[in-house]
Amino acid sequence: MNDPVDLTGASWFKSSYSNNGGDCVEVAPGFPGMIPVRDSKNPEGPALIFGAEAWTAFTRSVAAGEFGSV
């Protein structure tokens, strides 16, 4: 099992497309090879850690409309 990633001091940000609607995810850069993601409504809650390649594939698929309209 891998050691947990220490996200203390992570700099979280929302997409510029979020329009401050409140229902957003936040990501934290600065973790080589991984992308920490959390719910902006629950910043003290858990974060998910995705591999950088998987996150890139996911965001490309979202941008291409592969998951329908949101």
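Some points to look at:
Residues are listed down the side, and each one gets a yes or a no for (1) exposed (fewer than 10 other Cβ atoms within 10 Å of the Cβ); (2) within 16 Å of W12 (Cα to Cα); (3) at pLDDT 90 or above; (4) not charged (D, E, K, R):
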position	(1), (2), (3), (4)
G33	yes, no, yes, yes
A47	no, yes, yes, yes
F50	no, yes, yes, yes
T59	no, no, yes, yes
G68	yes, no, no, yes
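- Search result, residues across the stretch 35-45 that are touching a residue at least 24 places away in the same chain (Cβ under 8 Å) and surrounded by 11 or more Cβ atoms within 10 Å (Cβ to Cβ): P36, R38, S40
- Residue in the stretch 33-46 that is of a type outside the set (K, R), touching a helix residue (DSSP H, G or I) at 6+ places or on another chain (Cβ under 7 Å) and on the phi < 0 side of the Ramachandran plot present: yes
- Every pair of residues 6+ apart whose Cβ atoms lie under 9 Å, when the first sits in the stretch 11-28 and is modelled with pLDDT of 75 or more and in a loop (DSSP other than H, G, I, E, B) while the second is surrounded by fewer than 13 Cβ atoms within 10 Å (Cβ to Cβ) and small (G, A, S): S11/G30; C24/S15; A28/S11
The values are calculated or read from the model by the stated rules, or taken from the named source; none is laboratory data. Worth saying up front: this structure is predicted, and the values here are computed from it rather than measured. Cβ atoms come from the backbone with ideal geometry, glycine included; neighbour counts cover every protein chain shown.
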